[in-house]
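The numbers here are math on the coordinates, done by the rules we state, and not lab data. A quick note: this is a predicted structure, and the numbers were derived from the prediction, not measured. As a convention, Cβ positions derive from the backbone with ideal geometry for all residues, glycine included, and neighbour counts pool all protein chains shown.
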Amino acid sequence: MRNDFTKNYDVVVCGGGVAGVAAALAAARRGSKVALVEKTVLWGGLATTGIVFIYLPLCDGNGTQVTFGISEEFLKGGMKYGPGDIPDGWKTGKNLEEAKRYRTVFSPASMVLALDEMLQETTCDLFVDTQVIDVECNAGRVESVIVANKSGTGKLKAGAFVDATGDADLAFFAGANCPTMANALACWSLEYCEGAKGSDFIAPNIRASIVGMCTDKDFTAPGINGRMVSEFILAGRSEYRKKLQKDYESGKSNRYTRFPLKVPAMADFRHTRRIDGDFTLLSGMEWQAFEDSIGVCADWRVSGKVWEIPYRTLLPKTLENVLTAGRCISSQEDAWEVTRVIPVAALTGEAAGIAAALTAEQGKSSREVAYTEVQQAMKKAGNPIHISELYPGK
Ligand SMILES: Cc1cc2nc3c(=O)[nH]c(=O)nc-3n(C[C@H](O)[C@H](O)[C@H](O)COP(=O)(O)OP(=O)(O)OC[C@H]3O[C@@H](n4cnc5c(N)ncnc54)[C@H](O)[C@@H]3O)c2cc1C
């Protein structure tokens, strides 16, 4: 393959969704030389390009905040250049007896601007419109990723890599086992709709239109090849057209009172591939303590369930210097539902960025890096590590 450029880093982060941006920030803030590579031109992944704009809760639903750090920075940053609000109790302090959950909706474009700002305050080398298309790997160690952009194809070499592609592209290219799962069809859009209100409401007359189907007509393909991705995107937009047409024909709205402002520029897959990690987090493991926990998250679907996330869920079994983050970490069932969402993708991203920086600094395998060092750095950045710190006596 032609090689038009070669660059050297400590850490290369593949994918600039919330997980990847958090990883790049965490590694760069430690002083590592970092590259962040994103195939679209926007940071944020599904949360911005995919128009999924509900920042799910940082708290347990019973008044205790459990997730902090970069995840909280993103929640607040997303409201800096646009609408969004959090319940009053969370504005004035922590751990309030406030049943309303610490979450917000945000404008995807506002979030992009905030992520730009945070990244540009670091020394990260930022590549947009650049896709990771392959890896060079030797005995389980990734030596470089091959990228393609306007310059042609190039090699980014590093001591450690973070796979934050959402689809475990890097782990897959490096030969790691990557389980898959089917998806229900989804296509979120941002639209103008006079009189819009409800939980999908961002600002007066601006809301999400959520096309998601859970019937026997479901699109159940796992989205692991180009054809499936194209079909998923086209089927989603076709359903959206039908929804608009139905409204227009019934007279409920017309082309001026309801119309699309933005449709997703990436497939709204919840899951394609994920890694098979040194440990897989499963249903029933809420409230469980793990010695190697990297942080705590809450179940967004119900109040009162919290989870520790083991460091081992970030480590693809057969790879030595790759950490995963976000929706492709090693979790399944209920644990996947909890760890795949925006606030938790940011949390695992922050931990993966720190661990990748340590891997590169120490020239070791990521599984030889002492998890206690990752924990110390996470703690220093404001993240609780264990449930027991938040609920004394548990
Ligand atoms: C329909 C739907 C509704 C959802 N609703 C919510 C919700 O309301 N609230 C919530 O908190 N969560 C929700 N989620 C989940 C959440 O949005 C995502 O799981 C989370 O944002 C994942 O973040 P990530 O960074 O792991 O991955 P992604 O957001 O997928 O980011 C991956 C990034 O990597 C880039 N990339 C991929 N491959 C390559 C490559 N080869 N080279 C370079 N770049 C690459 C992509 O372009 C993308 O920017 C929803 C998800 C879906 C699909």
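Which of K150/K317; K76/K305; K80/K394; K39/K262 have a Cα-Cα distance over 30 Å?
In this structure, K150/K317; K80/K394 exceed 30 Å between Cα atoms.
Taking amide H positions as placed 1.01 Å from N in the peptide plane, with prolines and chain starts having none, which residues 5 or more places from R141, or on another chain, fall under 5 Å of its amide H?
E320
Grab the Cα-Cα distance for K262 and Q362, subtract it from 0.36 nm times how many residues apart they are, and report the gain in nm with one decimal. Numbers along the way, then the final one.
Details: separation 100, 0.36 × 100 = 36.00 nm, distance 4.49 nm.
Contour length minus Cα-Cα distance gives 31.5 nm.
At R0 = 51 Å, how high is the FRET efficiency between S238 and D276 if r is their beta carbon distance? Nearest 0.05 is fine.
Values: r = 34 Å, r/R0 = 0.67.
Result of the calculation: an efficiency of 0.90.
Expected output is a single nm value to one decimal: the length gained when fully extending between Q245 and A370, i.e. 0.36 nm times separation in residues minus the C-alpha distance. What is it?
Going from the current span to full extension adds 39.3 nm.
Output the peptides 85-91, 74-80 sorted from most to least packed, where packing is the average of other Cβ atoms within 10 Å over each peptide's residues.
Per-residue Cβ counts within 10 Å, averaged per peptide and sorted highest first, yield 74-80, 85-91.
Per residue of segment 14-31, in order, report the coupling 6.51 cos²θ - 1.76 cosθ + 1.60 (Karplus, θ = phi - 60°) as ³J(HN,Hα) in whole Hz, putting x for Gly and Pro.
So the Karplus estimates, Gly and Pro as x, are 9, x, x, x, 4, 5, x, 5, 4, 5, 5, 4, 5, 5, 5, 5, 7, x Hz.
Remind me, relative contact order of the chain in percent, using alpha carbon pairs under 8 angstrom and six or more residues apart?
23
For segment 220-283, with only Lys/Arg (+1) and Asp/Glu (-1) charged at the beta-carbon, what is the dipole magnitude about the Cα centre, in debye rounded to 20?
Dipole size: approximately 420 debye.
About its Cα centre, what dipole magnitude does segment 114-178 give when the only charges are +1 on Lys and Arg Cβ and -1 on Asp and Glu Cβ, stated in debye to the nearest 20?
For this selection, approximately 320 debye.
Sorting check: for 360-372, 303-315, which peptide has the highest mean count of neighbouring beta carbons within 10 Å, and how do the rest follow?
Ranked from most to least packed, the peptides come out as 303-315, 360-372.
Can you tell which of F173, G236, G31 lies farthest toward the positive end of the dipole of the chain, using +1 and -1 charges on the Cβ of basic and acidic side chains (Lys, Arg; Asp, Glu)?
Working it through, the farthest residue towards the positive pole turns out to be G236.
For the chain, give the magnitude of the charge dipole about the Cα centre (Cβ charges: +1 Lys/Arg, -1 Asp/Glu; no others), in debye to the nearest 20.
About 860 debye.
Take L390 and M181, extend 7 Å from each Cα along the Cα→Cβ direction, and tell me the distance between the two endpoints in nm.
Computed distance between label sites L390 and M181 equals 2.1 nm.
Given 0.36 nm per residue, what is the gain on full extension from N205 to W287 after removing their alpha carbon distance, in nm?
Contour length minus Cα-Cα distance gives 25.5 nm.
Once amide H atoms are placed 1.01 Å from N in the peptide plane, what residues at a sequence separation of 5 or more from S209, or on another chain, have their amide H within under 5 Å of its amide H?
Hits under the 5 Å cutoff: S189, L190, E191.
Amide H of D134 versus every other amide H placed in the peptide plane: which residues, excluding those fewer than 5 positions away on the same chain, fall under 5 Å?
I146
Counting each DSSP H run of 4 or more residues in the chain as -39500 (n - 2.57), what helix-only mean residue ellipticity at 222 nm follows after dividing by all residues, to the nearest 500 deg cm²/dmol?
Rounded to the nearest 500, the figure is -8500 deg cm²/dmol.
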